[in-house]
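One structure is given here, and the rest of the page talks about it.
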Amino acid sequence: MGNIKLVVLDLDGTVVKYSGRWHCSWDAIAVASGTKEEQDKLCDHYYPRKDKYDERLQKNAELLVGIKISEMGKSIFPPPYADGVKDAVRFFKDKNCICGLFSSGVDFVADRIKSDLSLDFSVANKLDVSDGAFTGAAKKRVHLLDKGKRLAELANEFNIPLSQVLFIGDEENDISAMDVCGHSIAFNPNTSEVRDAADVSFDCWHKIREYVENEFFN
C-alpha cells in the first residue's frame, strides 16, 4: 500500500455540485425551502465577515424552522454527484483507505452521501431536527476558517499521521486543510490561491483517480 491511509473529501463543489451561486447544499436548501432571498441576504452580509460564521450558521438555521426534512429531501436528493467521484471513492476503498466527508456544509446532506457512497465517516455542521422538522437550531462542527485545525483533530481520532492524509477540496476555506496534511489535491479550484496551495490540481475525478493510483499505489 502507498503512503495514504486517510482520504478526506470536501463536500460542496467537490463531491457534489448543486446549481446556484456556490454550487453548494445551502444553495439547494434555500431554493427548496423558499428562503432563497433571505439566505442570499445573509450570505452577502456575512461573506466578508467570516469571523462571524457561528452567527451566520444560526441565522441560516432559523430560516428553516418547521420545515419537514422529508419534504426537503424530495427537492435536493438524489445529490448531483460530480462525474467520476463514485469510481474514485470505490478505488480509495479498494486500497483500504479510510475515506469520508469533511465539510462546513450540512449534516443531513453529508450523511445521505455517506450512505450512498459507503463512506467511513461524515463530519459536517448539524441542523437540529425534532419530530421530523427543523427546529431552527444548529451546532457547529466544522468552522469555515479552521478546517486545518479540525482536520488535524480528525486524523488524530483515526490515529493516522497527517503525513498519510490526502485532502481534496476546491474553495479558499480548504487551504488551511491543504496546508496541514501530507498530500492535497485541488478539484476544479475556484481561485488560483486554491490551486497553488494544493500539490496538484485537476478538473475531473477521473484524472484524480489516475493520479493517486500512479503516485501512491504503483
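Rule-based calculations on the coordinates, nothing more; no lab input. In this text the structure is predicted, and so the values were computed from the model without any measurement. Positions of Cβ are backbone-derived with ideal geometry, glycine not excepted, and every protein chain shown enters the neighbour counts.
Just to confirm the number: angle between the C-alpha axis of helix 147-157 and the first principal axis of the chain, 0 to 90 degrees, nearest 10?
Compared with the principal axis, the helix lies near 60 degrees.
With a point put 7 Å past each Cα toward its Cβ, work out how far Val65 is from Lys86 in nm, to one decimal.
Each label point is offset 7 Å from its Cα along the Cβ direction, giving 4.0 nm.
Sort Thr14, Thr191 by Cβ crowding within 10 Å, fewest neighbours at the top.
Thr191, Thr14
Using every pair of alpha-carbon atoms in the stretch 146-186, split the distances into 5 Å bins beginning at 0 and state the percent of pairs per bin, rounded to integers.
Computed distribution, short to long bins: 6, 28, 38, 21, 7, 0.
Roughly how many Å is it from the Cα centre of the stretch 67-81 to that of the stretch 131-206, as a whole number?
Rounded to whole Å, the Cα centres lie 24 Å apart.
Quick one: go through the stretch 196-218 and flag any residue whose amide nitrogen is under 17 Å from the point 7 Å out along the Cα-to-Cβ line of Ser163.
216
With a/c under 1.5 counting as rounded, go ahead and sort the stretch 70-143 into rounded, prolate or oblate using the C-alpha gyration tensor (a ≥ b ≥ c being the square roots of the eigenvalues; past the cut-off, prolate if a/b is larger than b/c, else oblate).
prolate
Rounded to the nearest 5, what % of DSSP beta bridges with both residues in the stretch 1-140 are antiparallel?
Of all bridge pairs located within the stretch 1-140, approximately 40 percent are antiparallel.
Give me Leu11, Leu42 sorted ascending by neighbouring Cβ count inside 10 Å, so fewest comes first.
Listed from fewest to most nearby Cβ atoms, that is Leu42, Leu11.
Which order do the peptides 120-130, 69-79 come out in when sorted by mean C-beta neighbours inside 10 angstrom, highest first?
Peptide ranking by packing, descending: 120-130, 69-79.
Per 0.36 nm of contour for each residue apart, how much would the distance between Glu153 and Asp203 grow if the chain were fully extended, relative to their Cα-Cα spacing?
15.1 nm
Under a plain spin-label model, where a point goes 7 Å from the Cα along Cα-to-Cβ, how far apart in nm are Thr135 and Glu215?
4.3 nm
Students often forget the sequence filter, so: which lysines lie under 17 Å Cα-Cα from Lys5 once same-chain residues fewer than 8 apart are removed?
In chain and number order, the partners are Lys93, Lys95.
Per residue of the chain, what 222 nm ellipticity follows from adding -39500 (n - 2.57) for every DSSP H run with n ≥ 4, rounded to the nearest 500?
-12500 deg cm²/dmol
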